[in-house]
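Report on the structure given below.
The values are calculated or read from the model by the stated rules, or taken from the named source; none is laboratory data. Note that the structure is predicted; figures quoted are calculated from it, not measured. Positions of Cβ are backbone-derived with ideal geometry, glycine not excepted, and every protein chain shown enters the neighbour counts. Only protein heavy atoms, including side chains, enter the accessible area calculation; ligands, DNA and RNA are left aside. Shrake-Rupley method; radii C 1.70, N 1.55, O 1.52, S 1.80 Å.
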Amino acid sequence: MPRPRLLTDDDVLDRAIPVFRQNGYAGTSLRDLTEATGLSAAALYHRYGDKDGLFRAALERYADDGLTPVLEELAANSDPIASIADFLGQIRDLSRDDPLHLGCLLVNTAMDGGPLSPEARTIVATRLGDVQRFFQERLEHAQEAGHLPAGMNAATQAELLLGTVVALRTFARLDPDPGRLDRLVDDAVSRLTRPAPTSI
């Protein structure tokens with residue numbers, strides 16, 4: 001009799017991530033996870049220690065697969081403003097193409113307000129911090145190239161751009177109206193493409 005195929009960690013996380021995206025950490029029960037993964041509670045605990053361990057692994061996998069490669073690819077773009085616009089455009093498109101209104105696991109977790117372990121909070125803060133750092137580095141490169149005013153505060157603008165990302169992903173869960181998502185992206189990009197005032 002053939003042995004049943006063993007689920008890899010990637011298989012387990014692929015099945016657990018949508019559950020956490022839909023319900024949040026606190027709203028996801030052990031039964032939800034066993035039904036989604038096909039593993040028993042004992043098997044899940046053997047692999048991940050507890051629900052928090054599985055959740056932390058899901059957060060890392062979600063960011064490693066969907067965020068890190070995008071940031072690395074866009075950071076190599078020679079046009080720093082275009083790379084920011086491309087990133088925001090991709091987030092807008094993900095927010096539109098979300099029929100189940102699952103949103104982003106990182107943003108959902110940050111906005112959830114439920115109890116989280118310090119380790120899980122650190123993962124979320126670090127991964128969202130990667131996005132803010134991407135924005136700031138791109139803005140600083142644009143300043144060095146003379147595409148943005150040298151006096152612009154790149155750190156503050158990076159925070160505002162991260163706020164746009166959070167808004168886009170939040171609206172993805174509430175009501176992803178395409179016009180509203182377009183306006184958010186267009187406004188953020190327009191603030192980076194307005195010509196610097198000339199002195200007379």
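Side notes on the structure shown:
- Exclusive hit being farther than 27 Å from PRO99 by Cα and of a type in the set (Phe, Trp, Tyr), set TYR25, TYR45, TYR62: TYR45
- Condition met for GLU137 (under 24 Å from LEU74 (Cα atoms), open to solvent by 30 Å² or more (accessible area, probe 1.4 Å) and assigned to a helix (DSSP H, G or I)): yes
- Odd one out for ASP86 among (1) open to solvent by 30 Å² or more (accessible area, probe 1.4 Å); (2) under 14 Å from the mean Cα position of the chain (by Cα); (3) modelled with pLDDT of 95 or more: (2)
- Applying the condition of being touching a Phe, Trp or Tyr at 6+ places or on another chain (Cβ under 9 Å) and over 19 Å from ALA63 (Cα atoms) to region 107-134 and asking which residue is most open to solvent (accessible area, probe 1.4 Å) yields PRO115.
- Failed item, numbered, when ILE123 is tested on (1) within 16 Å of TYR25 (Cβ to Cβ); (2) part of a helix (DSSP H, G or I); (3) modelled with pLDDT under 95: (3)
- If the condition is being hydrophobic (A, V, I, L, M, F, W, C), buried (at least 19 other Cβ atoms within 10 Å of the Cβ) and over 16 Å from SER190 (Cα atoms), then region 151-170 contributes only LEU168.
- CYS104 falls short on exactly one of the conditions (1) open to solvent by less than 60 Å² (accessible area, probe 1.4 Å); (2) under 15 Å from ARG191 (Cα atoms), and that condition is (2).
- Scoring ARG173 on the criteria (1) in contact with a Gly (Cβ under 6 Å, 6 or more places away or on another chain); (2) open to solvent by less than 40 Å² (accessible area, probe 1.4 Å); (3) not acidic (Asp, Glu) leaves a single failure, condition (2).
- Listed by position, the helices (runs of 4 or more DSSP H) enclosed by region 1-82 that each have at least 1 residues that are under 25 Å from ASP93 (Cβ atoms) and open to solvent by less than 50 Å² (accessible area, probe 1.4 Å) are 9-27, 51-66, 68-75.
- For first residues located in region 183-195 and more than 14 Å from ASP93 (Cβ to Cβ), partners that are aliphatic (A, V, I, L, M) and modelled with pLDDT under 95 and lie 6+ apart or on another chain with Cβ distances below 8 Å form the pairs LEU192/LEU148.
- A Cβ distance below 9 Å, combined with a sequence gap of six or more or placement on separate chains, defines the contacts here; from region 16-40, residues that are within 17 Å of LEU105 (Cβ to Cβ) reach residues that are of a type in the set (Ser, Thr, Tyr) and assigned to a helix (DSSP H, G or I) in the pairs ALA16/THR37; ILE17/TYR62; VAL19/THR37; PHE20/TYR62; PHE20/THR109; ARG21/TYR62; GLY24/THR109; TYR25/THR109.
- So ALA58, is it touching a Gly at 6+ places or on another chain (Cβ under 9 Å) and either of a type in the set (Lys, Arg) or in contact (Cβ under 8 Å) with a residue 24 or more places away in the chain (or both): no
- In region 94-107, the residues that are at pLDDT below 95 and part of a helix (DSSP H, G or I): LEU94, SER95, ARG96
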